[in-house]
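A quick write-up on the structure given underneath.
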Amino acid sequence: MRALGTAALAALLLIPLSAFAQDTDESLWLAAYGQGTIGAKGRLYLEFQTRINHGMSDLDRLIARYAVGRQMTPRIVVLVGHAWIPMFEPSLRHEQRLWQQMILTSRAGGWTIATRLRNEQRWLPDVEGVSFRLRTQLRLTRPIRDGSPWSAVFAEEVAVALNRREGGPQRGLDRNRLIGGVVRQIRPSVSMESSYTWEAIRRVAASYRFNHIVTVSMTSRFGW
């Protein structure tokens, strides 16, 4: 009887675990970022991403994001921008976004702490009206040792849908990302980052999809 009870308990535990395993994906994201200065306080932001999903086998979407902004204080930058997102699965569709962002940067105990708040207005394919979403990210970076070109990076991002659209996002938690990786300073104005992201995406009927994402990105800084 004890063996039967143990087997039954194991079966009950395996049911949700197997369900999670079937609702996961592995992805490779490649990204290039440009961060520019225009005069003393003007700011320019450029971003291009390629996302290869479905077991790192299919080109799922591209993201072109750009913005202009201003350095409000030595610690605060604000940006206003647009994003165009062509999606290729199951057929070609497009998403358009307007977004507004504020980044607050501080330091504590050798860590650089960046807190990002982004507000988005999304025009989604096959969804009527505008979907509003708020995204917050906390990002920590620190050199592995003094004078090293290598830094460790950890981040968490939470996105919340602020309204409900029929056939689209539902009000409430939209997704959560946990990120860990390393950054290599190649030149004073160029860095490379490799990271792993665990992502949980909320879908209809309170179900979730879990993604395992490898990201490789390059950031360039320039000025006029």
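Annotation: of all residues in region 128-145 being among the aliphatic types (A, V, I, L, M) and either in contact with a Pro (Cβ under 8 Å, 6 or more places away or on another chain) or open to solvent by 40 Å² or more (accessible area, probe 1.4 Å) (or both), the one that is farthest from Leu162 (Cα to Cα) is Ile144.
Look at (1) under 17 Å from the mean Cα position of the chain (by Cα); (2) touching a residue at least 60 places away in the same chain (Cβ under 8 Å); (3) surrounded by 14 or more Cβ atoms within 10 Å (Cβ to Cβ) and you find that Ser220 fails only one, number (1).
Is region 162-171 home to any residue that is in a strand (DSSP E or B), open to solvent by 20 Å² or more (accessible area, probe 1.4 Å) and modelled with pLDDT of 95 or more? Quick ask: steps written out before the conclusion?
Taking region 162-171 first, the residues in a strand (DSSP E or B) are none.
Looking for residues that are in a strand (DSSP E or B), open to solvent by 20 Å² or more (accessible area, probe 1.4 Å) and modelled with pLDDT of 95 or more, one finds none in region 162-171, hence no.
Note on region 97-124: among residues that are within 17 Å of the chain's Cα centre (by Cα), open to solvent by 60 Å² or more (accessible area, probe 1.4 Å) and not aliphatic (A, V, I, L, M), the one that is nearest to Leu138 (Cα to Cα) is Thr115. Only residues that are open to solvent by 70 Å² or more (accessible area, probe 1.4 Å), assigned to a strand (DSSP E or B) and over 18 Å from Pro143 (Cβ atoms) were counted in region 174-208, giving 5.
Beta carbons closer than 9 Å, at least 6 apart along the sequence or on distinct chains, pair a first residue in region 127-148 that is among the aromatic types (Phe, Trp, Tyr) with a second that is assigned to a strand (DSSP E or B) for Phe132/Asn119; Phe132/Glu120; Phe132/Gln121; Phe132/Arg122; Phe132/Ala161.
Considered as a group, the residues in region 85-101 that are in a loop (DSSP other than H, G, I, E, B) and in contact with a strand residue (DSSP E or B) (Cβ under 8 Å, 6 or more places away or on another chain) include one that is farthest from Leu59 (Cα to Cα), and that residue is Leu92. Screening the candidates Ala7, Ala40, Ala31 for the property of being within 29 Å of Tyr208 (Cβ to Cβ), at pLDDT below 95 and of a type outside the set (Val, Ile, Thr) yields one hit, Ala7.
Taking region 73-83, which residues are farther than 14 Å from Tyr45 by Cα and either of a type in the set (Lys, Arg) or in a strand (DSSP E or B) (or both)? Passing the criteria: Thr73, Arg75, Ile76. Take the conditions (1) at pLDDT 95 or above; (2) over 23 Å from Asn119 (Cβ atoms); (3) polar (S, T, N, Q); Gln49 misses just one of them, which is (2).
The values are calculated or read from the model by the stated rules, or taken from the named source; none is laboratory data. Please read all numbers here as calculations on a predicted model, not as lab measurements. In this analysis, Cβ positions are derived from the backbone assuming ideal geometry, glycine residues included, and neighbour counts consider all displayed protein chains. Heads up: the accessible areas ignore ligands, DNA and RNA and are worked out on the full protein's heavy atoms, side chains in. Shrake-Rupley method; radii C 1.70, N 1.55, O 1.52, S 1.80 Å.
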